[in-house]
1. Across the range 39-72, what is the number of residues that are free of Cβ contacts under 8 Å to residues at least 12 places away in the same chain and either in contact with a helix residue (DSSP H, G or I) (Cβ under 6 Å, 6 or more places away or on another chain) or more than 24 Å from residue 118 (Cα to Cα) (or both)?
2. Among the candidates 380, 350, single out the residue that is touching a residue at least 12 places away in the same chain (Cβ under 8 Å) and in the same structural domain as residue 432 (by TED's automatic domain parsing).
3. Among the residues in the range 142-150, are any in contact with a strand residue (DSSP E or B) (Cβ under 7 Å, 6 or more places away or on another chain) and under 19 Å from residue 80 (Cα atoms)?
4. Starting from the range 392-416, take each residue that is touching a residue at least 60 places away in the same chain (Cβ under 8 Å) and list its partners that are part of a helix (DSSP H, G or I), counting only C-beta distances under 6 angstrom and pairs at least six apart or across chains.
5. For the range 132-152, name all the residues that are crowded, with 18+ Cβ neighbours inside 10 Å and touching a helix residue (DSSP H, G or I) at 6+ places or on another chain (Cβ under 9 Å).
6. With the checklist (1) without any contact (Cβ under 8 Å) to a residue 60 or more places away in the chain; (2) surrounded by 18 or more Cβ atoms within 10 Å (Cβ to Cβ); (3) more than 26 Å from residue 249 (Cα to Cα) in hand, flag the one item residue 191 doesn't pass.
7. Which of (1) without any contact (Cβ under 8 Å) to a residue 60 or more places away in the chain; (2) surrounded by fewer than 22 Cβ atoms within 10 Å (Cβ to Cβ) does residue 307 not meet, given it meets every other one?
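The values are calculated or read from the model by the stated rules, or taken from the named source; none is laboratory data. Being a predicted model, the structure only gives us computed values, none of them experimental. Neighbour counts run over all protein chains shown; Cβ positions are idealised from the backbone, glycine included.
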C-alpha cells in the first residue's frame, strides 16, 4: 500500500466545496445572495449557521485559517457589533419557519471572547433563528486560553459539542510551531467537557510538522487515545510558504521526509483503528457510538467547510463574520477578509460579500458526485442520472477512462450501475475525486493552491 500512496501523492483539493475556492469570482454579490435566500425560503430548506471569530493572541505558524492576531481585547467590541448587524440584516430576510439544525463557531479562537460576550452572541443568534430540538451546536476552543467558566456558560447556552486543536504533544514540535500546549492542559479540557455533559469531543492532530518523527508522533497518538476523545481529525500539514507568510520562518529541512511522513500517517491510522475508532474517511476517525460513525453506516454523511458533518445534507449554510463562506441553494458566497471593509459595508446597510460562485448545472452534478464519493465511497449511476437528467457513461466517458489506473490498482471497482471505492482506495479518495473535477481537468486550477493528498 505504501507504494500506491507514494504513486498518487500530489497536490489536490480537500473538496469541502465544489467548485473549489480558486474558481470563485468577484462578480458574485448581494443580489445573488438574496436570490439564493429567497429560493431557500420557498423550499423551506433547513439551516446550518457558521460564525467566524478570527481573533488569536499569537500566530501558530502551521495555521492556514483566517485570523487576526492581537492582544488588544477591545477589538471584540466593534466586531461583535457588526456581527449583530449582519445577523439582523440576514435574519430579516430568512423565513423564520426554517429550522436551524446546526450551529458552529470557528476561528481564530472563539474563546478569545469573554464569558459575557459568548453569552451575548449566542443569545443574539437564538433570538433571531428557530433552532430544532436536536440541533448540533459546536464551538472550537483553545485549551491554552479556555476557562471552566466559559465552558460552563456555553453548555448552559445549549452548546453540545466541543472541538479543540492538539496538533502534537512533543515540546520540540510545539516550540517550532509557536504553540506551547502541555498534555495536561488538553487532559484537563477533556475532563471538564466530560463533566459538563458535552455530547461529543473532537480533537485535531496535524502530521508533517517540523521535528516530527515516526516515534514522536506515535507517542502523541498513544497519549491522545488514552484521553478517549469521541472524534479525531488527522490533518496533513500543508507547507505552502508562498501562500502563508508565517510559514516562511520554518526551515524545510526540519520537516519529516516524505517517507517518514507516509509512515507517520499509516501508523496513526493503524493505531486509531486498533483502538476501536472507525475510519470515517480521508482524515477523520470516530468512536463506533458517535453520531458520525452511525452516519457513515447509514450513508447520511455530508461535507462542508469544517470537514465531515452529520447535519449538512439538504441544509443551507449561512455564515457570518470576515472571510465566512455561505453555501445557499447550491451557490457560494464569501465575505470580505479585511475588517475595515467588512465594517464599512455593514455600516452602509449592505452585506460584505467579496466573491462567490453561481454554480452551473454541471457544477451541481459534479458536486453531487464528488460528495457522494467522499461521504459514502459509492456512486449509484442511476441515482445521478435521475437527479441530473443525464446518461452517466456518456457524460463521463473521459472520466471513466481515467479511472482505469485506480481500477488496476484495486482502489476503485466499476460495475454497470455503480462506482465503489474499495477499503484501500479510501486513503486516496481525494485523488479519485479529482478525476471528476472539470476545473482540474482543464488545468484552470493551479495544483500549487492545494496541499498534498498524503
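1. Within the range 39-72, residues that are free of Cβ contacts under 8 Å to residues at least 12 places away in the same chain and either in contact with a helix residue (DSSP H, G or I) (Cβ under 6 Å, 6 or more places away or on another chain) or more than 24 Å from residue 118 (Cα to Cα) (or both) number 1.
2. Residue meeting the stated conditions: 380.
3. Taking every residue of the range 142-150 in turn, none turns out to be in contact with a strand residue (DSSP E or B) (Cβ under 7 Å, 6 or more places away or on another chain) and under 19 Å from residue 80 (Cα atoms).
4. Once the first residue is touching a residue at least 60 places away in the same chain (Cβ under 8 Å) and sits in the range 392-416, its partners that are part of a helix (DSSP H, G or I) give 409/4; 411/425; 411/428.
5. 136, 137, 139, 140, 141, 142, 143, 144, 146, 150, 151
6. With respect to (1) without any contact (Cβ under 8 Å) to a residue 60 or more places away in the chain; (2) surrounded by 18 or more Cβ atoms within 10 Å (Cβ to Cβ); (3) more than 26 Å from residue 249 (Cα to Cα), residue 191 is out only on (2).
7. Tallying (1) without any contact (Cβ under 8 Å) to a residue 60 or more places away in the chain; (2) surrounded by fewer than 22 Cβ atoms within 10 Å (Cβ to Cβ), residue 307 fails exactly one: (1).
Table: residues versus (1) assigned to a loop (DSSP other than H, G, I, E, B); (2) touching a strand residue (DSSP E or B) at 6+ places or on another chain (Cβ under 9 Å).
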position	(1), (2)
3	no, no
6	no, no
17	yes, yes
22	no, no
33	no, yes
42	no, no
